[in-house]
1. Per-residue Cβ counts within 10 Å, from other chains only, averaged over A:41-51: what number is that?
2. Whole angstrom only: what separates the Cα centroid of segment A:53-73 from the Cα centroid of segment B:47-63?
3. On average, how many beta carbons from a partner chain sit within 10 Å of the beta carbon of a residue in B:31-40?
4. Starting from the Cα of residue A:45, step 7 Å along the direction of its Cβ; do the same at residue A:76; then give the gap between the two resulting points in nm.
5. For a footprinting-style exposure proxy, rank A:34, B:33 by other Cβ within 10 Å, fewest first.
6. Run the simple label-point estimate for residue A:98 and residue B:74 please: 7 Å along Cα→C-beta, distance reported in nm.
7. On the Cα set of segment B:58-114, report Rg and Dmax in Å, please.
8. Defining a contact as two alpha carbons under 8 Å apart and six or more residues distant in sequence, what relative contact order in percent does chain A show?
């Protein structure tokens, strides 16, 4: 099983749609979870951290299920500017701050 | 504040040549990471440093790859000799131990080995 596995995508959605990305991780000792965004030919940038209680940032909602080792990202009312690759990221357990990245899911929002 | 700086941004070289990639982390950050990104394998951690000391180089693919961090503001990743399969985008990232959850990536070096 891969350390971090994501929906293969790509996702093509119209503006205004709601889209959900899923991710599973294999290391049960992982303590921190994130979603990064990577625009075409650019570097990855932190989109949001994911907390056990779930968290929301505007149109973006992230959820974590530790029992199932599952992470999700929901984007509501998608905009053209949301078009990017979304990377699920997990750190190692304990004091290990190595980040393991999923391969990413490409989202294209169409007018 | 300036972000992570990498140079060169693009490098095209021939198989067998030595390639040196450079990185300047964000001032004050005490962790530095080197990643490689390809379509097939995604983003992979090669090596990371803490306070200029290499902590984990288990991701370095083979002896042809080496990395150094002579001081807090500079790091290099060297490939010698280069091979076509080394073609990828190489990212440097840094973070502060005071804010461990956030890594800042440089713009990357796009390497093509012919």
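Bear in mind that the values in this text are calculations on the coordinates, not laboratory data. These numbers were taken from a predicted model, which means no experiment stands behind them. Every residue, glycine as well, gets a Cβ built from its backbone with ideal geometry; the counts of neighbours run over all protein chains shown.
1. Partner-chain Cβ atoms within 10 Å, mean over residues of A:41-51: 4.
2. Value for the Cα centre distance between the two parts: 31 Å.
3. Across B:31-40, the average partner-chain Cβ count within 10 Å equals 2.
4. 2.3
5. Details: A:34 22, B:33 27.
The order, fewest Cβ neighbours first, is A:34, B:33.
6. 2.9
7. That works out to 13.3, 42 Å for Rg and Dmax.
8. 37
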